[in-house]
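The structure appears right after this line, and notes come after that.
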Amino acid sequence: MYGGARQCDWADYLRMDDEAPDEIPEEVSARAQQLWRALGYSSAASFAKAVGIPYSTWKMAESSGNISKPIAWTLQRRIPGFRAEWLWLGDRSMMAGYLLAKLDAVPVPRKVTTRSA
């Protein structure tokens, strides 16, 4: 242990995930699409290539709204001012101002859903 801090074990780690708010896949997917459009990429493929994520991995994550931690951390490392909390939860509090301005200038894509009666 360092500096008297309690070491985190796997049970603690799993409890942390259980306590996190649930992600809403449709909203996560929409924010993922909004991100690459706001950054000026013409396609999801060009965005994925620029940030170093295989296109098939990014497209699956974007379409399902299931953005894994490794993908989110890659984005956080490669995009200055980006925070994974925005992608997962819509939390804008820690995002850079320049990035928020770009995101605000791009409409949020909406998925069309049909519900049977």
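Given the Cα-Cα distance of S93 and I79 and 0.36 nm per residue of separation, how much length would full extension add, in nm? Could the numbers behind the result be given before it?
Numbers: separation 14, 0.36 × 14 = 5.04 nm, distance 1.62 nm.
Net length gain for the segment: 3.4 nm.
From the convex hull of the Cα coordinates of the stretch 24-104, what is the mean projected area in square nanometres? Intermediate results must be reported in sequence, preceding the final value.
On the way: hull surface 18.0 nm².
So the Cα hull casts an average projection of 4.5 nm².
Loop-located trypsin sites (Lys or Arg not before Pro) in the stretch 47-96 (DSSP state not H, G, I, E or B) with no more than 10 neighbouring Cβ atoms inside 10 Å do not occur.
Every number in this text was worked out from the coordinates using simple rules, so none of it is lab data. Not measured: the values here are computed from a predicted model. Neighbour counts run over all protein chains shown; Cβ positions are idealised from the backbone, glycine included.
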